[in-house]
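Step one of this worksheet: look at the structure below.
Just so you know, all these numbers are worked out from the coordinates, no wet-lab data involved. Bear in mind the structure is a predicted one, so any value in this text is a computation, not a measurement. Don't worry about glycine lacking a Cβ; one is built from the backbone with ideal geometry, like all the others, and counts go over all protein chains shown.
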Amino acid sequence: MKAIAWTKYGSPEVLELREFEKPSPKKDEVLIKIHASSVTAGDSRLRAFKVPMGFWLPTRLAFGVLKPRKPIPGMDISGEIESVGEDVKLFKKGDKVYGTTGIKLGANAEYTCLSENSALVKKPNSVTHEQAAAIIFGGLAALHFLRDKANIQKGQKVLVNGASGAVGTASVQLAKYFGAEVTGICSTSNIELVESLGAKKVIDYTKEDFARNGEIYDVILDTVGNLSLTRCKKSLMKQGKLILINAGLLTNLLSIAKKNLICGVAGENKEGLDFLGERIEAGDIKAVIDRIHPLAQTAEAHRYVDTGHKKGNVVIAVEHK
Ligand SMILES: NC(=O)c1ccc[n+]([C@@H]2O[C@H](COP(=O)([O-])OP(=O)(O)OC[C@H]3O[C@@H](n4cnc5c(N)ncnc54)[C@H](OP(=O)(O)O)[C@@H]3O)[C@@H](O)[C@H]2O)c1
C-alpha cells in the first residue's frame, strides 16, 4: 500500500510517499480502507516537534525519543471496513467508519488496522468521508473542553479565541448548539465565516482588543495560545472559566489548584464521535474544510497547516486505484 513515511522530526520535507506492506488485522482488529484523513495543527506540531513548554520529554517518550517510533504519521481517518479479525463483534466488512488512531498514528495511508474498541464508530450515511475526517480533531476537542470540562449551559456567554481554526469552528458551532451566546475572535478575512457558523458577535483581533471592550463572559476558550488568567481577568465573570488548550506544563499544574482555569488534553472516544456524527446529520454543525490534498501531497498540506492560518480543516483524500 501507499503511505506517508517519516523517519525524523522536522520540516514538511521529512514526509514522503512510500510503499509499505498492507497491514492485516489481529483477532480484535478491523482493517480499514482509508478514503480520507487529515493534517491537523496537532500533526504539524508533532512533525516539527513544537510542543507546549514542559511537554518535550513526555511527548518524546510517547512518540519516539530520537526519531518517530511509528513509521506513518496522521491520526484521523474515515473509510470502509475491508476485513475483520475473528473476535470482532462491533463491525463487519463494508461498514463505513470514522475515527482516530490516537498515538498509534498511521492515518496518512491507504489502509490501517484498529482495535474494534478504539475511537472508531460507524459514519452517518449523509456525511462524506472528507467531512467525517475533518470534524474529528476540532470536534472532539471542543466537546471535551466545552461540554465535559466547562459544563457549558444554555444562555451562557462564550468567547472563542481562534474561532476560524479547526477547534474554533467546531467550538463556535457546538457552543451555539448547547444554547450559548457566542462571540468569536478572528482576523478580518474570517469574519463572514465565523458569523455563518452562528457567532452572535465577531471581534476582529487586528482592530479590537476583546480585553478592553467591557464585555464579560462565562467561558473563554483560547485555541491560539496568547491568553492568560491575568489578561482575561476583566473579561471573565466571577464564576467564569478560562480554557487554555495550548498551555505549558506549569499552567497545567496551576489549573489543578484554580477552579476557574481549565487545561489538559482532549481524549478520544466512541461517544464523542457518535455525538459529532449525530450533530452533523441533524444539521446542527458542519465540518469546515479549507483544502483537500491527495495523499501524495501530504507534505504540501503540512506546509499550509504550519502557517497557522488555515480556515477550519485540511483534508487528505485517499484514492484507491
Ligand atoms: N489540549 C488539547 O487537547 C488540544 C486539542 C486540540 C488542539 N489543541 C491545540 O490547539 C491549537 C489550535 O488548534 P486548531 O486546529 O484550531 O489550529 P488551527 O486550525 O491551525 O488554527 C488556525 C486559526 O487560528 C487563527 N489565529 C491565528 N492567530 C490568531 C490570533 N492572534 N487571534 C485569533 N485567531 C488567530 C487563524 O485565523 P486568522 O488566519 O484569521 O489569523 C486560523 O484560522 C493547536 O496548537 C493544537 O495543537 C490542543
Worksheet item: Modelled label-to-label distance, Glu195 and Thr307, 7 Å Cα→beta-carbon offset: nm?
Response: 2.3 nm
Worksheet, complete the sentence: For the table Lys122/Lys157; Lys8/Lys33; Lys176/Lys321; Lys200/Lys234; Lys2/Lys93, the rows whose alpha-carbon distance is greater than 31 Å are Lys122/Lys157; Lys176/Lys321
Item to complete: Using only the Cα atoms, work out Rg/Rh for the chain, with Rh taken as the Kirkwood radius, to two decimals.
Response: 0.97
Discussion item. If I model a spin label at Glu281 and Arg45 as a point 7 Å from the Cα along the Cα→Cβ vector, what separation in nanometres do I get?
Written reply: 3.2 nm
Worksheet entry | Packing-based ranking, highest mean first, of 220-233, 10-23 given that Cβ atoms within 10 Å are counted | 220-233, 10-23
Worksheet entry | Theoretical gain in end-to-end length, Thr7 to Leu57 [0.36 nm per residue, Cα-Cα removed] | 16.1 nm
Discussion item. At 1.306 mPa s and 10 °C, plugging the Kirkwood radius over alpha-carbon pairs of segment 137-262 into Stokes-Einstein gives what diffusion coefficient in µm²/s?
Written reply: 112 µm²/s
Practice prompt. Report the label-to-label distance for Val265 and Ser228 in nanometres (one decimal), using points 7 Å from each Cα along the Cα→Cβ vector.
Written response: 2.5 nm
Worksheet item: Relative to the present Cα-Cα distance, how much length would full extension add between Gln239 and Lys96 at 0.36 nm per residue of separation?
Response: 47.2 nm
Worksheet item: Where does segment 215-290 land on Rg/Rh, using Cα atoms and the Kirkwood Rh?
Response: 1.06
Worksheet, complete the sentence: So Lys258 and Lys104, fully extended at 0.36 nm per residue minus their Cα-Cα distance, gain in nm 52.2 nm
